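S.K.: Please find one structure pasted underneath; my questions will follow.
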Amino acid sequence: AAFINFFTGDEHRFKVYIKDSVDNAIIWQGYVLPDLYSEPYKNVCFFVSFTATDGLGRLKGKYLPDEYYSREKSLIDIYCQILKLTGIELDLYFLPAIENFVNKDWNSIYINTEDFIDKKKKKDAYSILETLLQDTLCVCYQADNRWYIEGVNQRNVRLVTYKVYDVAGVFVENVVYHRLLKNITPLVTPMITIIPPYNEITVTHKKVEAKLPAALSKEVNDGWAFVTGVKGEI
């Protein structure tokens, strides 16, 4: 347990940076995932295994400020506010799958946030992000120390133009990228690791009382009867 101090239950306790060894530029940043830690029992030349996350999965159970459930807000503003809850404040590179014919500026397209309340219960940030991504046909991920939200129909385009927004959702600039093609070399015998999300599952159901079918027996009156006030034996 040489690194047992890094085992944590706090999702924001340890911040992780992946940097380029040449120019020390940040490639990715996130947090050590709580409750996940493994280390070899013997002191051998094995790497200690930590798992880090960009915080998108940790949006479950987190809620936006009250004004994001009662007022009209722009889509970019909502996206930036949700990503801010991950604790990783980066610029957003936005490349939509669809555009409005009249207004192509998503920062001036407003939606009613009252729809984020279902049966008087607020939706958490993860549910809101998932709904917005599905409605706009986009995906969200972090790479090159930036947040990306881009359309699924744009991922194979070589020459793209991103709209860049800062943490507060303010437009910064347009950036043109020439994407590189990457050849994937599959592993002959890949390692597959599964971490179950649940430690215990409890299933309840209504119990059906066991009984014999009604047609199995039939009551027949063979002539005997009890008369009121008279006791007898049969």
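S.K.: If you check LEU159, LEU90, which single one turns out to be under 19 Å from GLU173 (Cα atoms), aliphatic (A, V, I, L, M) and out of contact with any His (no Cβ under 7 Å at 6 or more places or on another chain)?
M.R.: So the residue among LEU159, LEU90 that is under 19 Å from GLU173 (Cα atoms), aliphatic (A, V, I, L, M) and out of contact with any His (no Cβ under 7 Å at 6 or more places or on another chain) is LEU90.
S.K.: In addition: Considering (1) touching a Cys at 6+ places or on another chain (Cβ under 9 Å); (2) at negative phi, say which one GLY169 fails and leave the rest.
M.R.: (2)
S.K.: Moving on. Mind listing whichever residues of the stretch 133-186 are farther than 28 Å from TYR31 by Cβ, among the β-branched types (Val, Ile, Thr) and touching a residue at least 24 places away in the same chain (Cβ under 8 Å)?
M.R.: Result: VAL160, THR161.
S.K.: Could you grab the pairs with beta carbons closer than 7 Å, sequence gap of 6+ or different chains, first residue in the stretch 68-84 and in contact (Cβ under 8 Å) with a residue 40 or more places away in the chain and farther than 20 Å from LEU56 by Cβ, second one small (Gly, Ala, Ser) and part of a helix (DSSP H, G or I)?
M.R.: Cβ pairs passing all conditions: SER74/SER108.
S.K.: LEU137 fails exactly one of the following numbered conditions: (1) within 18 Å of TYR79 (Cβ to Cβ); (2) more than 21 Å from the chain's Cα centre (by Cα); (3) among the aliphatic types (A, V, I, L, M). What is the number of that condition?
M.R.: Here LEU137 meets the rest and fails (2).
S.K.: If you scan the stretch 140-180, which residues turn out to be within 14 Å of ILE76 (Cα to Cα), touching a strand residue (DSSP E or B) at 6+ places or on another chain (Cβ under 9 Å) and not in a strand (DSSP E or B)?
M.R.: Listed by number, the residues that qualify are ASP166, VAL167, GLY169.
S.K.: I need a count of the residues in the stretch 1-30 that are part of a loop (DSSP other than H, G, I, E, B), without any contact (Cβ under 8 Å) to a residue 40 or more places away in the chain and open to solvent by 70 Å² or more (accessible area, probe 1.4 Å).
M.R.: Selection size over the stretch 1-30: 8.
S.K.: Looking only at residues that are surrounded by 11 or more Cβ atoms within 10 Å (Cβ to Cβ), more than 25 Å from the chain's Cα centre (by Cα) and among the polar types (S, T, N, Q) in the stretch 96-110, which one is farthest from CYS138 (Cα to Cα)?
M.R.: The qualifying residue farthest from CYS138 (Cα to Cα) is SER108.
S.K.: Regarding LYS121, is this residue open to solvent by 70 Å² or more (accessible area, probe 1.4 Å), over 29 Å from TYR17 (Cβ atoms) and within 22 Å of the chain's Cα centre (by Cα)?
M.R.: When the stated conditions are applied, LYS121 passes them.
S.K.: Considering only residues that are aromatic (Phe, Trp, Tyr), under 23 Å from ARG146 (Cα atoms) and open to solvent by 10 Å² or more (accessible area, probe 1.4 Å), which ones fall in the stretch 62-85?
M.R.: TYR63
S.K.: For a quick check of your reading of the model, give me the residue pairs whose first member lies in the stretch 88-101 and is at pLDDT 90 or above and charged (D, E, K, R), whose second is assigned to a loop (DSSP other than H, G, I, E, B) and surrounded by fewer than 18 Cβ atoms within 10 Å (Cβ to Cβ), with beta-carbon atoms closer than 8 Å and at least 6 apart or on different chains.
M.R.: Qualifying pairs under 8 Å: ASP91/ASP166; ASP91/VAL167.
S.K.: Identify, please: which residue in the stretch 8-49 is within 23 Å of THR86 (Cα to Cα) and at pLDDT below 70 and is, among those, farthest from the chain's Cα centre (by Cα)?
M.R.: SER49
S.K.: Go through the stretch 57-80 and give me each residue that's more than 15 Å from PHE116 (Cα to Cα) and in contact with a strand residue (DSSP E or B) (Cβ under 7 Å, 6 or more places away or on another chain).
M.R.: ILE76, CYS80
The values are calculated or read from the model by the stated rules, or taken from the named source; none is laboratory data. Since this is a predicted model, take the numbers as computed values, not measurements. Cβ atoms come from the backbone with ideal geometry, glycine included; neighbour counts cover every protein chain shown. With ligands, DNA and RNA removed, areas are computed over all heavy atoms of the protein, side chains included. Shrake-Rupley method; radii C 1.70, N 1.55, O 1.52, S 1.80 Å.
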